[in-house]
2 protein chains.
Amino acid sequence: MTSSTDLSGLLTSLYQEIRETALLNSCAGILGWDERTYMPKNAAYYRGEQIGLLARLSHEKFTSPQIGEKLNKIEALFKEMNATDISLFDKANVREISRAYLRAVKLPGSFVAELAKTTSEAQGAWQQARAENRFEGFEPWLTKIVKMKREEAQLIGYNEHPYNALLDEYEPGATVSSIRSLFAELRQELVPFLQNIVQSKRKPNTEILTRNYPVQQQELFGKQAAEKIGFDFNSGRLDVTTHPFCSGITPGDCRITTRYNPKFFNEAFFGILHEAGHGIYEQNLPSDHFGLPAGSAISLGIHESQSRLWENQIGRSLPFWQYFFPLAQTAFPEALGDVSLTDWLFAINEVKPSLIRVEADEVTYNLHIILRFELEVAILGQELNVKDIPGIWNEKMKEFFGLTPPSNQLGCLQDIHWSMGGLGYFPTYTLGNLFAAQFMNQFKLENITCEQQWQQGDFASLKKWLVDKIHRFGQQYRSSELCQQITGKDLSHKPFMQYLREKFSKLYDL
Amino acid sequence: MTSSTDLSGLLTSLYQEIRETALLNSCAGILGWDERTYMPKNAAYYRGEQIGLLARLSHEKFTSPQIGEKLNKIEALFKEMNATDISLFDKANVREISRAYLRAVKLPGSFVAELAKTTSEAQGAWQQARAENRFEGFEPWLTKIVKMKREEAQLIGYNEHPYNALLDEYEPGATVSSIRSLFAELRQELVPFLQNIVQSKRKPNTEILTRNYPVQQQELFGKQAAEKIGFDFNSGRLDVTTHPFCSGITPGDCRITTRYNPKFFNEAFFGILHEAGHGIYEQNLPSDHFGLPAGSAISLGIHESQSRLWENQIGRSLPFWQYFFPLAQTAFPEALGDVSLTDWLFAINEVKPSLIRVEADEVTYNLHIILRFELEVAILGQELNVKDIPGIWNEKMKEFFGLTPPSNQLGCLQDIHWSMGGLGYFPTYTLGNLFAAQFMNQFKLENITCEQQWQQGDFASLKKWLVDKIHRFGQQYRSSELCQQITGKDLSHKPFMQYLREKFSKLYDL
């Protein structure tokens, strides 16, 4: 006999325990933010102890057998019910808690601790190896990490390819084969398109970006823009860190960071728009469901779609700057007094093959990602040895960009991700770009006068649309379902390529 | 049979559990600091939940029966041993953990939760009552708090007076009768001494303190002074809050705050010295014993002695300003260009009966405390009803200062302490002043050339002496023992009165 009281009691009790783990994680979130912003130097040792303790308590609570028992009972009760009698939020919560629980309990505590220790030390080794330009210094660490990530994939279990087990942590439901074919199509169009741009005789004057941009003015201007696109400073902050990030802590507390370069406009400003995009997503998740999947972001790909949408589709668009350029000229009279909007727009949209991913433009960025994805899959599939990475990296750089990195520092040692054990993370960046273009394409179809609003500095209807279509659902849908639901189509490279062609053909006169 | 392995194993295991509760509390410390400095407005609700959860987990761990069992076993083993075979650190740890454990387990969880809820709501009621100058708005809350604090005293148990049970939380070992006789002697000398000052024809020119003191310069100058007296900014920070505080979080992380008034020098500067004094104590507790009594401050009285010593005994002294006044003139040329050191020293040492405790000078401050102590003891002893507080308050103000508060806002509603349930807290402020004078008297006896060092901005030997005599012992000694050990005498009002007489007789030409 299915008793709805039983079910309701079980769900309440399960949710309370899960929320408590989330609350502990949110405490660690503040400690992590503090560590990177204001913490005094000598606090480092005990900060590690504090965060370690909170992580352990949260993990212990999350993996306790009572959670498993409750999940089993609830799932059994669900099976006896009509699917339509279960709320979509409850369905999402139970499905995703169960997924995370099963992943967590499959990994023995000793393995988790060993991996945490290894990646913590590996980050130090990576930093040093990069500074000294010595891949050999990082190689043994990466070899160990790859071995452990393969072991993790075995423990968790997977179909077809061990990489799928890792992907699943960042982009639930994504697979090597689906990403491979998506990326192949993208690459096939992207490489010749890039060639056209490179061969164009029109070049932007990027000197205007490297004039004097006083930091205080940058901060005011960046905050103004973040606020205009919908980041709520009553529920968030903007601070300074070496490596910018967005940390969604609790409803009402989302913190973004940037770094200011007084001689380069792009670094802080587009970084702020990017992190504010992440932040707007976090700030508009359903706060009633805080701590549960129904109140959490879907995946890294969808998260990145929000940051990229505001940073690039909006932040590097003509209508955006029709509103903001006069304000920028007022904020930076010395740098921009003699600059035209046309020259400005071209300069901030320069396309140029380059060695460093984080500095790459909208066209070349995804080639950096495809390169890393191909390497990661080959390494996990044991088709490539760690020691051969530098060689393959440079071959692919030549093939994709026509460039050969002069050093591993500017090549395979540039990113922190592998040292953190984040294999499977990179592809979500490009998924984010593709989602962003496909969502924006749909929004424009539904809101044909949107650009006129943007020219007035009014981004409210776009933000509202994103909240209605994406944010408010939490994890109710997987990213692929959400994409179908919003756009009526599976994720494709086409809207993105169409966006690039339209935009850059004009700029580069192709 | 006493096995030293048993004992060592028990101590290790006990310490590990206690350290874990301290580590949880230190996480809450960061969250509390953040709440008062940088937290966005809308984060308040979940910040309460976060801190509440950490407090609950810490309390659960601390009061678990295993702790009691271990304490019992260890104490039994201690009894079989020669007292000299037990390290002083272990002795202090077991004694103080046991004391705190017994206090904690005597209070039922429901009582603790009810008191926390009551005082949380009472703070809101107090704020409103103070703003509206309506004692009646606060009276029912204070009545409930007093009732609960009496109940707390009953639950904990006490000798002679229920107030002793409350005092014991802030100043272990102190009693109503000892403080009463100490304060009576102090008051007897203080009141006529104040009369002499009030009747003096010499008056300082305090207008010089209310000139333009740009905030940025105040911050730089305050930090410079804090650093000079020994506050370590690699292990600490200085930020801005409405209500200044010092929060010792972990070894290597002690945070102080202040507030800047661009038209009044004293507010931030002496506040910084005060909080830095607390901070220097926190920064020099034995870090090996972090999380245990042997690594913690003795009592509020001793803590306050450290802040008062640096703020007043040093920070308002001639030698200090012989070094710092030229620097102040450079930092604030507009305000101080035409001011002499003599006039400056007199101005920052103005003595004047006033209504507000936190603005009081060194002479009158303790009369404010004595007044509060007498009221608290009478309320706890049921000799005074809450509704009669305003009348008695004003009578005593007349008696001590010759002043009648024009409103309860400027009278019995001025302090937050009672609304927080902090009955028993006030007397530690005056104990701190007396300890500071007695310690400083001793230091000067042992270091007759110290003033020459201070004139050079060299405070290292004083700081070292405080570390050697006080900080490094953690809670090895009770405050009364420590006082005996350092000065060879019990705590007395005499060194303090002698200090006041010497200093103010010169300034006021008595």
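The values are calculated or read from the model by the stated rules, or taken from the named source; none is laboratory data. Since the model is a prediction, treat every value here as computed from it, not as a measurement. Neighbour counts run over all protein chains shown; Cβ positions are idealised from the backbone, glycine included. The area values use the complete protein model at the heavy-atom level, side chains included, leaving out ligands, DNA and RNA. Shrake-Rupley method; radii C 1.70, N 1.55, O 1.52, S 1.80 Å.
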Over chain B, calculate the relative contact order: mean separation of alpha carbon pairs under 8 Å at least 6 apart, over the residue count, as a percent.
-> 20 percent
If R0 = 25 Å, then A:ASP490 and A:ARG99, at their Cβ-Cβ distance, give a FRET efficiency to the nearest 0.05 of 0.70
Under Karplus coefficients 6.51, -1.76 and 1.60, residue-wise ³J(HN,Hα) of the range B:306-321 in Hz, glycine/proline x | 6, 5, 5, 4, 6, 5, 9, 4, 9, x, 10, 9, 4, x, 4, 7
In nm, what is the difference between 0.36 nm times the number of residues separating A:ARG211 and A:ASN159 and their Cα-Cα distance?
-> 13.4 nm
Note, ³J(HN,Hα) from phi for the range B:148-165, Karplus 6.51, -1.76, 1.60, rounded to Hz, x at Gly and Pro = 5, 5, 5, 4, 4, 4, 4, 5, 6, x, 6, 9, 6, 9, x, 4, 4, 5
Low-density loop positions, GluC sites (Glu not before Pro), the range B:338-384 - DSSP coil, at most 11 other Cβ in 10 Å = B:GLU383
Could you pull out the GluC sites (Glu not before Pro) across the range A:386-455 that fall in loop regions by DSSP (anything but H, G, I, E, B) with no more than 12 other Cβ atoms inside 10 Å?
-> none
Report, for A:VAL358, each distance to the same residue's label point in the other copies, shortest first and in nm; define the point 7 Å along Cα→Cβ.
-> 4.2
In chain B, carbon and sulfur make up what percent of the accessible area (probe 1.4 Å)?
-> 50 percent
Taking A:LYS223, A:LYS263 and ranking on accessible area (1.4 Å, protein atoms only), highest first, one gets A:LYS263, A:LYS223
Percent antiparallel among DSSP beta bridges confined to the protein assembly as shown, nearest 5, equals 45 percent
Separation in nanometres of the label points that stand 7 Å from Cα toward Cβ, at A:GLN188 and B:HIS417 | 7.9 nm
Tilt relative to chain A, helix A:4-37 - C-alpha long axis, 0 to 90 degrees, to 10 | 40 degrees
The helix A:176-199 Cα axis meets the longest alpha-carbon principal axis of chain A at an angle in degrees, between 0 and 90 and rounded to 10, of 10 degrees
Helix axis angle, B:44-62 relative to chain B longest principal axis, alpha carbon, degrees | 50 degrees
Between A:LYS464 and A:ASN133, the two model label points (7 Å from Cα along the beta-carbon direction) sit apart by a distance in nm of 5.6 nm
For peptide A:227-239, compute the average count of partner chain beta-carbon atoms within 10 Å of each residue's beta-carbon.
-> 2
DSSP-loop chymotrypsin sites (Phe, Trp or Tyr not before Pro) across the range A:28-106, with at most 10 other Cβ within 10 angstrom | none
Whole-Å distance, taken between Cα centres, linking the range A:65-121 and the range B:171-214 | 64 Å
Under 5 Å between amide H atoms, partner at least 5 residues away or on a different chain: which partners does B:GLY248 have, H built in plane at 1.01 Å?
-> B:ARG255
log10 I(q)/I(0), Debye, Cα-only the protein assembly as shown, no solvent, q = 0.06, 0.08 Å⁻¹?
-> -0.57, -0.96
For each pair in A:LYS73/B:LYS117; A:LYS117/B:LYS228; B:LYS70/B:LYS144; B:LYS147/B:LYS396; B:LYS203/B:LYS396; A:LYS201/A:LYS223, compute the distance between the two Cα atoms and list the pairs where it is over 28 Å.
-> A:LYS73/B:LYS117; A:LYS117/B:LYS228; B:LYS70/B:LYS144; A:LYS201/A:LYS223
Per DSSP H run of n ≥ 4, the term is -39500 (n - 2.57); total these for chain B, divide by its residue number, and report the mean residue ellipticity at 222 nm rounded to 500 deg cm²/dmol.
-> -21000 deg cm²/dmol
Measuring label to label, 7 Å along Cα→Cβ, what does A:PRO214 give against each other copy in nm, shortest first?
-> 1.3
Run the quick spin-label model on A:LYS352 and B:ASP6: label points 7 Å from Cα toward the beta carbon, then report their separation in nm to one decimal.
-> 7.7 nm
Could you work out, residue by residue across B:23-33, how many beta carbons of other chains sit within 10 Å of that residue's beta carbon, and then give the average as an integer?
-> 5
Between copies, how close do the A:MET420 label points come, placed 7 Å along Cα→Cβ, listed in nm from shortest?
-> 3.8
In Å² (nearest 100), what accessible area is buried between A and B, both sides summed, heavy protein atoms only, 1.4 Å probe?
-> 3000 Å²
